[in-house]
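**Student:** Below is one structure. I have some questions about it.
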Amino acid sequence: MRRARLRIALITAAVVTLLITAVGWVCDTVTTRAQNEQVWRELRFGAAVGDLSKPPVCTWLFADGVSPLANAPAGFPLSGDVDQVRRTHRAVERTLRRDGTVYLVRTQARADGPVVQAVFDMRYQLADRTHLWSALGVSEVMGLLASAGVGALLGRVSVTPLAEALARQRRFVTDASHELRTPITQAYTRVQVLSRQAAAQKLPAGHREGLDRLTGSLGRLGEVLDDLLLSASLMAGPARQSEHRPLDLAALARSVAAEESETLDGRLTLQVEAPPHPLPVNGVESALRRAVGELLSNAVRHTPAGGRIEMTLSRADGMVALTVADTGRGFSSAEAERLFERFHRGGDDGRYGLGLALLREVVTHHGGTVTASSRPGHGARFTIRLPGCAPPLTHAPAHRATAGRR
Ligand SMILES: Nc1ncnc2c1ncn2[C@@H]1O[C@H](COP(=O)(O)OP(=O)(O)OP(=O)(O)O)[C@@H](O)[C@H]1O
Ligand SMILES: [Mg+2]
């Protein structure tokens, strides 16, 4: 929200700056053109018929046999132009920048004989233009200050209702998920008990399968509520930052892998490779745990029996990288673009397509990145990179673990 407000203020300031610059450019062009036309008109008149002994203001008239006025600028008349007019009998006009001012010079032969050079000093016109630009500069600063103020006000007025609506939506999601969580957990526990009793009492297979499916559905519903709660709390942004703590990503990954391996029933090999020292990152443990768990559970779901899942951790260039690679079906490069979109399920029934989207939210909230690559039929590879933080003083013992093999 603060970023949106800042952006509105900056855009307003930029628009005002552009407008004032455009107005300044138009004023300068129009004024310069009008001044030049006016001066040339006067100069042509003075050169053609002006009184050589009483030239108009800011003008000097030089002619053969007429001594120039005492205040005539140095370096005039321009003898080259005078000679040229004598030779060609055609008027010559030029603009000269000299002594911190600009001179307009016209040299022509009068009808009654003498060659006259009229010189006009533009210093007052130049001063007028400088005043114009100074006035525009002051207006620019005032306009910028005013537009920054107006932009900030506009930003507040327009963004505040949006922020309130988002906060209300977040509160609703959090409250609803929280309220639903307890009954769903109770139902999940009860159905697990029923399922065990059904197995013990040898109820018909159809009944037991139904109860198992119900257990699975309730379990997934619980996960979705957890995801919603996590997403809502991540959206809270800076408040969540205060919960960041230094934690060892390698230890966290081993612990998640150990939990996941309990569900594998020897179907797959799950291996963790990590350096023999901690890999500390600054983060929210529960959120990172879910992110790593999501990569593992996806890999488990998409790898056929007998396959292998490898989780590798390393640190390079100040970033801690965690890669989960599997030997499953993988995905096409076109699909890789969409994996992190919300509700993209890649044809998996009974799933929600939220896991990777949430994972990316978690990782970006931690200042990291997540990438996916695969060759269809040759497994998938997901890599999370998080900024590492200062390593703790004590080092953990060397570790290379096979987290689960059953
Ligand atoms: N390791 C993997 N191998 C092959 N495809 C994968 C892998 N991980 C994810 N995918 C593809 O990415 C899609 C999106 O994954 P995501 O985790 O976001 O959703 P989901 O697992 O289908 O549902 P949810 O995580 O919400 O329960 C999956 O449906 C699947 O098609
Ligand atoms: Mg998933």
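**Student:** Give me the net charge for the shell around Ala163: Cβ to Cβ below 11 angstrom, other residues only, Lys and Arg +1, Asp and Glu -1.
**Tutor:** Combined, the nearby Lys, Arg, Asp and Glu give +4.
**Student:** Considering only protein heavy atoms and a 1.4 Å probe, what is the carbon-and-sulfur percentage of the accessible area of the chain?
**Tutor:** Carbon and sulfur together cover 58 percent of it.
**Student:** Want the number for Phe45 to Val193: 0.36 nm per residue separation, take away the alpha-carbon distance, what's left?
**Tutor:** In short, 42.2 nm is gained.
**Student:** Taking H placed 1.01 Å from N in the peptide plane, check which residues at least 5 places from Ile309 or on another chain put their amide H under 5 Å from its amide H.
**Tutor:** Answer set, sorted by chain and number: Thr269, Leu270, Gln271.
**Student:** If you don't mind, there's one more thing I want to ask. Kindly give Rg over Rh for the chain, based on alpha-carbon atoms, with the Kirkwood expression for the hydrodynamic radius.
**Tutor:** Checking Rg against Rh, the ratio lands at 1.40.
**Student:** For a quick check: with amide H placed at 1.01 Å from N, whose amide H comes under 5 Å from Gly283's, ignoring anything fewer than 5 positions away on the same chain?
**Tutor:** Residues meeting the criterion, in which the H sits 1.01 Å from N, are Arg245, Leu247.
**Student:** Shifting gears a bit: Could you sort the peptides 30-43, 107-120 by per-residue average Cβ neighbour count (10 Å cutoff), highest mean leading?
**Tutor:** With the highest mean Cβ count within 10 Å placed first, the list reads 107-120, 30-43.
**Student:** Considering only DSSP beta bridges with both partners in the chain, what is the antiparallel share in %, to the nearest 5?
**Tutor:** Expressed as a percentage, antiparallel bridges in the chain total about 90.
**Student:** Another one. Rolling a 1.4 Å sphere over the protein heavy atoms, what is the accessible area per residue of the chain, to the nearest Å²?
**Tutor:** Value for the chain: 57 Å² per residue.
**Student:** Rounded to the nearest 5, what is the percent of antiparallel bridges among the DSSP beta bridges in the range 241-403?
**Tutor:** 85 percent
**Student:** Computed FRET efficiency, Cβ-Cβ of Gln201 and Arg345, R0 51 Å: what is it to the nearest 0.05?
**Tutor:** Calculated transfer efficiency: 0.90.
**Student:** Quick one: Cα centre-to-centre distance for the range 72-99 and the range 263-302, in angstrom?
**Tutor:** 87 Å
The values are calculated or read from the model by the stated rules, or taken from the named source; none is laboratory data. This structure is a prediction, so every number in the text was calculated from the model and none was measured. Methodologically, a virtual Cβ is constructed for each residue, glycine included, from the backbone with ideal geometry; neighbour enumeration extends over all protein chains shown. Quick note on the areas: whole protein, heavy atoms, side chains included, nothing else; ligands and nucleic acids left out. Shrake-Rupley method; radii C 1.70, N 1.55, O 1.52, S 1.80 Å.
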